[in-house]
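One structure is given here, and the rest of the page talks about it.
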Protein chains: 2
Amino acid sequence: MSTITVKNGIDVHQLVETINAISEDPTVGAFTFRAKSSWKGGTHNLGEIAGFSHAGSENQSRTAPFVLEGDEPPVLLGANKGPNAVELLLQGLAFCYAVGLVANAAARGIEITRMDCEIQGDLDVRPFLGLDGPRPGFTRIRAKSWVSSPNATHEQLEELYRYVQDTSPVRDCLVNPVPVETALEVVRSEG
Amino acid sequence: MSTITVKNGIDVHQLVETINAISEDPTVGAFTFRAKSSWKGGTHNLGEIAGFSHAGSENQSRTAPFVLEGDEPPVLLGANKGPNAVELLLQGLAFCYAVGLVANAAARGIEITRMDCEIQGDLDVRPFLGLDGPRPGFTRIRAKSWVSSPNATHEQLEELYRYVQDTSPVRDCLVNPVPVETALEVVRSEG
């Protein structure tokens with residue numbers, strides 16, 4: 001018996017096994033992700049994304065960290081050595097929609113041949129600069145995706161896309177409040 | 001007369017001029033940032049951050065786009081070709097705190113010699129996989145910064161850090177809801 005287990009590049013067999021494993025033991029669904037940054041001068045920072053914990057244990061799959069440069073454009077006092085913080089948020093939303101779409105499509109037997117995404121976010125820097133204005137963050141984010149499938153109807157793709165939005169981790173972090181606890185350790189000060 | 005205009009690598013003269021320009025004409029504070037992604041197969045996507053609009057005009061300072069790989073680790077059906085979507089969110093928060101801290105410190109005459117940041121976020125993948133569980137996004141984010149300054153007191157740094165949190169664009173997008181409008185364009189479908 002031959003079974004197709006890969007669709008859209010997603011191993012559907014592994015996906016189903018993962019869902020079953022987490023159904024049996026919900027602690028297998030628990031992840032703690034991490035990111036570090038180290039200031040290099042001005043608005044330039046070096047970011048590092050390496051390990052994460054899964055079900056209480058450190059995952060060992062990454063042999064080297066992902067290194068990201070963060071910076072601002074000259075109009076925001078930087079030198080364009082990398083994207084800025086809020087652009088990374090938009091990039092995260094694009095990736096989230098894409099992974100959600102192709103994985104859920106695979107689970108439903110929908111073949112995807114194209115998934116492009118563009119995100120735009122409006123931001124007024126006045127509050128960041130200490131001036132009166134709207135909120136410090138994005139006042140509005142617009143996302144658009146271009147999707148092709150040879151074996152799903154327009155309605156099936158619309159329904160899939162609705163589902164992807166409802167279950168998107170990044171979208172959830174934007175449209176609903178997330179508790180953020182922030183601590184400072186003063187390593188050295190004047191007094 | 002000699003004037004020190006650079007502190008912490010931030011051009012304080014430009015910072016003050018920027019604040020004055022936006023005070024006089026609030027439209028100068030308006031930005032629209034963008035990110036694109038293009039699906040490469042499975043959980044792998046290629047991201048691109050290039051231009052942005054500022055005060056209604058396209059900024060031309062970036063000659064080439066920043067290219068980012070997005071992927072999942074094997075335990076989440078990927079091949080670790082890049083960080084995943086939610087890790088980018090954490091990286092954005094780290095960069096945001098760092099830029100906010102050194103820029104506001106510069107404006108206050110506080111010299112910063114170290115600013116490292118680590119962010120952790122707890123996420124349960126059950127809702128993403130269609131299982132009952134908590135919200136799809138982070139249930140909790142913890143941020144910690146390590147800061148050194150030779151000319152500020154512990155109390156001044158604590159107060160600065162509090163201010164940075166209150167005016168952080170990325171933190172605001174996490175702790176407060178952001179409107180996200182999502183559109184789908186079906187380029188090709190079965191019917």
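The values are calculated or read from the model by the stated rules, or taken from the named source; none is laboratory data. Keep in mind the model is a prediction, meaning the values are calculated, not measured. Reconstructed Cβ throughout: ideal geometry from the backbone, glycine too, with neighbour counts over all protein chains shown. SASA here: full protein model, heavy atoms, side chains in, ligands and nucleic acids out. Shrake-Rupley method; radii C 1.70, N 1.55, O 1.52, S 1.80 Å.
Please compute the length gained on full extension between A:ASP122 and A:HIS13, using 0.36 nm multiplied by the number of residues separating them and subtracting their Cα-Cα distance.
35.2 nm is the gain from fully extending A:ASP122 to A:HIS13.
Taking springs between alpha-carbon atoms closer than 10 angstrom, which of B:LEU68, B:LEU131, B:LEU90 fluctuates most in the Gaussian network model of chain B?
B:LEU131
At B:GLU185, with labels set 7 Å past Cα in the Cβ direction, how many nm apart are the copies from this one, shortest first?
4.9
Student exercise: in the protein assembly as shown, how many lysine pairs 8 or more apart or on different chains have Cα atoms under 23 Å apart?
Pairs that pass both the separation and distance tests number 15.
Relative contact order for chain B: what percent, with Cα pairs under 8 Å and sequence separation of 6 or more?
Dividing the mean separation by the residue count of chain B yields 15 percent.
Specify the inter-centroid distance of region A:157-183 and region B:102-122, based on alpha-carbon positions, in whole Å.
Each part's Cα centre sits 28 Å from the other's.
Along Cα-to-Cβ, 7 Å out, sits the label point; list in nm, shortest first, how far the one on B:TYR163 is from those in the other copies.
5.0
Picking from A:ASP166, A:ASP25, A:ASP11, which is most flexible by a Gaussian network model of chain A using Cα springs under 10 Å?
Largest GNM mean-square fluctuation: A:ASP25.
With a probe of 1.4 Å, find how much accessible area region B:87-183 has per residue, and write the answer as a whole number in Å².
Using a 1.4 Å probe on heavy atoms only, each residue of region B:87-183 averages 31 Å².
Helix B:154-167 against the longest principal axis of chain B: what's the angle in degrees, Cα atoms only, rounded to the nearest 10?
Taking Cα atoms only, the helix is inclined about 50 degrees.
For a paramagnetic label modelled at 7 Å from the Cα of A:SER53 toward its Cβ, which residues of region B:100-124 fall within the zone defined by backbone nitrogen distances under 13 Å?
B:120-123
Sorted from largest down, give the three principal axis spans of the alpha carbons of region B:30-98, whole angstrom values.
The Cα atoms of region B:30-98 stretch 44, 28, 16 Å along their principal axes.
Which whole number gives the average, over all residues in A:5-12, of C-beta atoms from other chains lying within 10 Å of the residue C-beta?
The shielding value for this peptide is 3.
Over its Cα atoms, what ratio of radius of gyration to 2.2 N^0.38 Å does the protein assembly as shown give?
1.01
For region A:34-140, state which trypsin sites (Lys or Arg not before Pro) are in a DSSP loop and have at most 15 other beta carbons lying within 10 Å of their beta carbon.
A:ARG62, A:ARG108
Specify the angular offset, from 0 to 90 degrees and rounded to the nearest 10, of the alpha carbon long axis of helix B:85-107 from the longest principal axis of the alpha carbons in chain B.
In chain B, helix B:85-107 runs at an angle near 10 degrees to the longest axis.
Mind checking which chain A residue has its Cβ closest to the axis relating A to B, and how many whole Å off it is?
Here the value is A:LEU88, 2.
I need the inter-copy label distances for A:ALA55: point set 7 Å along Cα to C-beta, values in nm with one decimal, smallest first.
5.6
Grab the other residues whose beta carbon is less than 14 angstrom from that of A:LEU131, score K and R as +1, D and E as -1, and report the net.
Net charge in that neighbourhood comes out at -4.
Probe radius 1.4 Å, ligands and nucleic acids ignored: give me the carbon and sulfur share of the accessible area of region B:8-144 as a rounded percent.
50 percent
Could you list log10 I(q)/I(0) for chain B at q = 0.10, 0.14 Å⁻¹, which the Debye formula gives when each Cα is one point scatterer?
-0.59, -1.09
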